[in-house]
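What follows is a set of notes on a single structure, which appears directly below.
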Amino acid sequence: MDPKSPDDRPEAAAPQPLEWRFAQVFGERGAGEDVQEVDIISAIEFDKSGDHLATGDRGGRVVLFERTDARGNASRTELERQDYSVPRHPEFRYKTEFQSHEPEFDYLKSLEIEEKINKIKWGQTANNALFILSTNDKTIKYWKVQDKKVKRISVMNLDTSQSADNGTTSSSSTSSSRGLPNGGSSEKSYNCANNDLPFPPGGYASLRLPVVVVTGQELNPVARCRRVYAHAHDYHINSISNNSDGETFISADDLRINLWNLEINSQSFNIVDVKPANMEDLTEVITCAEFHPTHCNTLAYSSSKGAIRLIDLRQSALCDNHSKLFEEHEAPGSKSFFTEIIASVSDIKFARDGRHILSRDYMTLKLWDLNMDSGPVATFQVHEHLRPKLCDLYENDSIFDKFECCLSGDGHRLATGSYSNLFRVFGCTPGNTEATTLEASRNPMRRQVANPTRPTRTLTSLTRAVRRGGENAGADGNGNSNDFSTKLLHLAWHPTENSIACAAGNSLYMYYA
């Protein structure tokens, strides 16, 4: 039978919203327990396989987790039992941690440099070793983490079971006054300087070199800093991104984007520079930058004015001119004192297929199609209920909070954080009106109400954008009040499964659907 044409096929039913469940938590805070500033998580990143997860904190530490439920590790009997689909959520365990950055002081500028980890990016795995880029405000480091077999030194000449007592040895061996092998002599007593390990008065008949032996099958992960990329940014680094070629990466600060080779830390190339000749003319800064997932010559960066620029490295060495500009203009007469502040893009992410870009500003999530620069293809309301409170948010600096965003591996859903340790998941495929609010706790659905505000949808003639989200002023989409002291800024979506890792203070929560 000939397959039906697309026009003859029945319309697919709208996908059902995912039912999210709690999976794991690491570093959960007990009741009444204070959170130390250095323990607050400041970066989260899955590797491309989804088998490893890295977090960075304000204390400059990087903590690695590894997956323990991988199907490839299952026995043949277990695999035979799984002839049908069994819902299993990813399970991770602590692998290792290391101190990536230390606090520093720039004496030339009289400036303290925090150890806080701003971003973490995974490199390509090679020879069973993991590679990680981590950065604070000024310095980027390239780490290699590899499992090493535990080795110990054995077969020593010295017998640690014997000890010296008041400068004499416990050995009773004697010899003639003639010279002995290895310089020994019966007329002298040779002891270690600290008298802990005695040297026989007669010396040793033969010298045995220490031997390093492997004890059992125990493996110990060891982190080693391979390269340090420093002194290339005058302003705080806000982004790093690996190139798909596996050889280069970019780092971005407020005014410049630099291109590095992973093997060369002595120089970088400035590819974007928005610094004006007169700093008084500065009206826009770079807020985020990311390489295209498959095209090594393409990258995008966002600005404080809400614009996203796509640049092509093949056009020129200094990419002052963008190849595409994505921005949404405010309606005439709607501008206010806060317009530019809330329009600033805090994070951008390419979809895995490279066709779309997801951006997060203070109020909304926007999904952009690279082939359509007239406006976003979809807009998702996240903080519309906070619009009447912008004055208060400005006074307590909450309006400057930088929320991250993420997409699912299949590109069908996206997520971002909010206040009160809440995060929101939206469906972004045609006909999908999913808009779920979850809390970073062991019961993620407890903030839901029986009849939550149904997402509203409007169609604008200018951008053909879909707008979704609650419009209830003074509360979130489910009628809950907001706690601005607890905010969920960092989260990541597993690359192949519906699993989300998010940071609430010093705790790492994981959920699956």
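With the condition kept exactly as written, say whether any residue in the stretch 90-102 is part of a loop (DSSP other than H, G, I, E, B), at pLDDT below 95 and either open to solvent by 80 Å² or more (accessible area, probe 1.4 Å) or not polar (S, T, N, Q) (or both).
Taking every residue of the stretch 90-102 in turn, at least one turns out to be part of a loop (DSSP other than H, G, I, E, B), at pLDDT below 95 and either open to solvent by 80 Å² or more (accessible area, probe 1.4 Å) or not polar (S, T, N, Q) (or both).
Taking only the stretch 16-41 into account, find how many residues are modelled with pLDDT of 85 or more and small (Gly, Ala, Ser).
Selection size over the stretch 16-41: 2.
Determine the pairs where a residue that is open to solvent by 50 Å² or more (accessible area, probe 1.4 Å), located within the stretch 15-26, has a partner that is of a type in the set (Asp, Glu) with Cβ atoms under 6 Å apart, the partner being 6 or more residues away or on another chain.
Correct list of pairs: Pro17/Glu434.
Does the stretch 121-145 hold any residues that are part of a strand (DSSP E or B) and in contact with a Leu (Cβ under 7 Å, 6 or more places away or on another chain), and which are they?
Lys121, Ile140, Tyr142, Val145
Could you run through the stretch 103-128 and say how many residues are buried (at least 16 other Cβ atoms within 10 Å of the Cβ) and either touching a residue at least 60 places away in the same chain (Cβ under 8 Å) or closer than 25 Å to Glu290 by Cβ (or both)?
Result for the stretch 103-128: 11.
Counting residues that are open to solvent by less than 10 Å² (accessible area, probe 1.4 Å), which strands (runs of 3 or more DSSP E) fully inside the stretch 379-431 reach at least 3?
In the stretch 379-431, the matching strands (runs of 3 or more DSSP E) lie at 413-417, 422-427.
Just the residues that are aromatic (Phe, Trp, Tyr) and under 19 Å from the mean Cα position of the chain (by Cα), please, taken from the stretch 388-413.
Matches in the stretch 388-413: Phe403 only.
Go through (1) under 13 Å from Trp368 (Cα atoms); (2) within 24 Å of the chain's Cα centre (by Cα); (3) of a type in the set (Lys, Arg) one by one and return the number of the condition Lys324 breaks.
Of (1) under 13 Å from Trp368 (Cα atoms); (2) within 24 Å of the chain's Cα centre (by Cα); (3) of a type in the set (Lys, Arg), only one is false for Lys324: (2).
For a quick check of your reading of the model, give me the residue pairs whose first member lies in the stretch 478-490 and is over 16 Å from Leu390 (Cα atoms) and part of a loop (DSSP other than H, G, I, E, B), whose second is open to solvent by 40 Å² or more (accessible area, probe 1.4 Å) and modelled with pLDDT of 90 or more, with beta-carbon atoms closer than 8 Å and at least 6 apart or on different chains.
Leu489/Lys402
Can you name the residue in the stretch 129-159 that is crowded, with 18+ Cβ neighbours inside 10 Å and among the aliphatic types (A, V, I, L, M) and, of all such residues, is farthest from the chain's Cα centre (by Cα)?
Going through the qualifying residues, I end up with Val145.
Would you pick out the residues in the stretch 323-338 that are within 19 Å of Val377 (Cβ to Cβ) and in contact with a helix residue (DSSP H, G or I) (Cβ under 8 Å, 6 or more places away or on another chain)?
The answer is Glu330, and nothing else.
Can you find, within the stretch 246-272, the residue that is farthest from Gly60 (Cα to Cα) among those that are surrounded by 13 or more Cβ atoms within 10 Å (Cβ to Cβ) and charged (D, E, K, R)?
Taking the candidates together, the pick is Glu247.
For the stretch 353-368, state whether one or more residues are under 21 Å from the mean Cα position of the chain (by Cα), open to solvent by 60 Å² or more (accessible area, probe 1.4 Å) and modelled with pLDDT under 95.
Yes, the conditions are met somewhere in the stretch 353-368.
Of all the strands (runs of 3 or more DSSP E) wholly in the stretch 287-334, which have at least 1 residues that are among the small types (Gly, Ala, Ser) and in contact (Cβ under 8 Å) with a residue 12 or more places away in the chain?
Passing ranges, in order: 298-303.
The values are calculated or read from the model by the stated rules, or taken from the named source; none is laboratory data. Quick caveat: nothing in here was measured; it's all calculated off a predicted structure. When we count neighbours, we look across all protein chains shown, and the Cβ atoms used for this are built from the backbone with ideal geometry, even at glycine. Note: accessible area is taken over every heavy atom of the protein model, side chains too, but ligands, DNA and RNA are not part of it. Shrake-Rupley method; radii C 1.70, N 1.55, O 1.52, S 1.80 Å.
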